Amino acid sequence: MTETQQRRDIGPPDSDSDEKSTLLAFLNYVREAVAGKAQGLEDRQGRTPGVPSGTSVFGLVKHLTAAELYWFAWAFEGADVEHPDFSMDLSEGDSADSLLAAYLSAIERSNEIIERCDDLRHPCARAADKAGTVRSMRWVLVHMIEETARHAGHADILREQADGSIGR
C-alpha cells in the first residue's frame with residue numbers, strides 16, 4: 001500500500017457543549033467520513049459492488065443523500081420535495097462529482113434546518129414511518145448519526161476493497 005492510499009485517522013469531535021451542537025458535531029463527523037471514502041475513487045471503482053447485495057461506495061452516497069432530504073427537509077421541515085429514492089441503484093448520469101455534490105448540498109440544507117430548530121423536542125411536520133409516529137428533531141439527529149455511521153463503516157470496507165485505501 002502506498003502512502004497516498006493511507007489516510008490519517010482522526011478521532012471523534014471534541015464538542016461537548018450543548019446537546020444540539022454535540023449531536024451536530026458527531027453527525028458532521030460521520031458525514032465527512034462517508035464523503036472522504038467516495039472522494040478520489042474512479043467511477044468504475046465507486047460503482048463496483050463489494051458485496052453480493054450490490055452495495056457500492058457511490059450507492060451508499062446516493063442512499064444517504066436521500067436520507068438527508070427525507071428526514072430533514074421532507075419529514076421535519078415539511079418541505080414540498082419529491083419523495084427520495086432510498087435505493088442504492090445508480091443511473092448512467094451518476095458520477096462521483098454529481099453524487100458528492102448532491103450529498104454535500106443535502107447536508108448543507110439539513111444543517112440549515114437543524115440550525116433553525118431552537119428546541120430538539122420540536123416534532124417533525126410529517127410522520128415518517130409506517131406506524132404514523134411523529135418524531136422529534138432529537139430523534140432525527142440521533143437516527144441520522146446511527147444511519148450515517150453504519151454506512152460509513154460499510155464505505156470504509158468497500159473503499160479498501162476498491163483500491164486498498166484505509167483510514168479516515
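Just a few scattered comments:
- Tally of residues being open to solvent by less than 40 Å² (accessible area, probe 1.4 Å) and in contact with a helix residue (DSSP H, G or I) (Cβ under 6 Å, 6 or more places away or on another chain) across segment 74-94: 4
- Residue within segment 95-106 that is modelled with pLDDT of 95 or more, under 12 Å from F72 (Cα atoms) and either open to solvent by 50 Å² or more (accessible area, probe 1.4 Å) or among the aliphatic types (A, V, I, L, M) (or both) present: yes
- Test: residue in segment 105-125 that is of a type in the set (A, V, I, L, M, F, W, C), more than 17 Å from N28 (Cβ to Cβ) and without any contact (Cβ under 8 Å) to a residue 60 or more places away in the chain: yes
- Considering residues of segment 22-73 that are within 12 Å of M144 (Cα to Cα) and hydroxyl-bearing (S, T, Y) only, the residue nearest to the chain's Cα centre (by Cα): T65
- Those residues of segment 129-150 which are open to solvent by less than 50 Å² (accessible area, probe 1.4 Å) and at pLDDT 95 or above, in sequence order: S136, M137, V140, L141, H143, M144, I145, E147, T148, A149
- So R126, is it over 15 Å from the mean Cα position of the chain (by Cα) and crowded, with 19+ Cβ neighbours inside 10 Å: no
- Taking the numbered list (1) of a type in the set (S, T, N, Q); (2) more than 13 Å from V34 (Cα to Cα); (3) in a helix (DSSP H, G or I); (4) within 17 Å of the chain's Cα centre (by Cα) in turn, Q161 passes all entries but (4).
The values are calculated or read from the model by the stated rules, or taken from the named source; none is laboratory data. Note that the coordinates shown come from a computational prediction; the quantities given were computed from them, not determined experimentally. All Cβ positions, glycine included, derive from the backbone under ideal geometry; neighbour counts span all protein chains shown. Areas reflect the complete protein model, heavy atoms only, side chains present, ligands, DNA and RNA absent. Shrake-Rupley method; radii C 1.70, N 1.55, O 1.52, S 1.80 Å.
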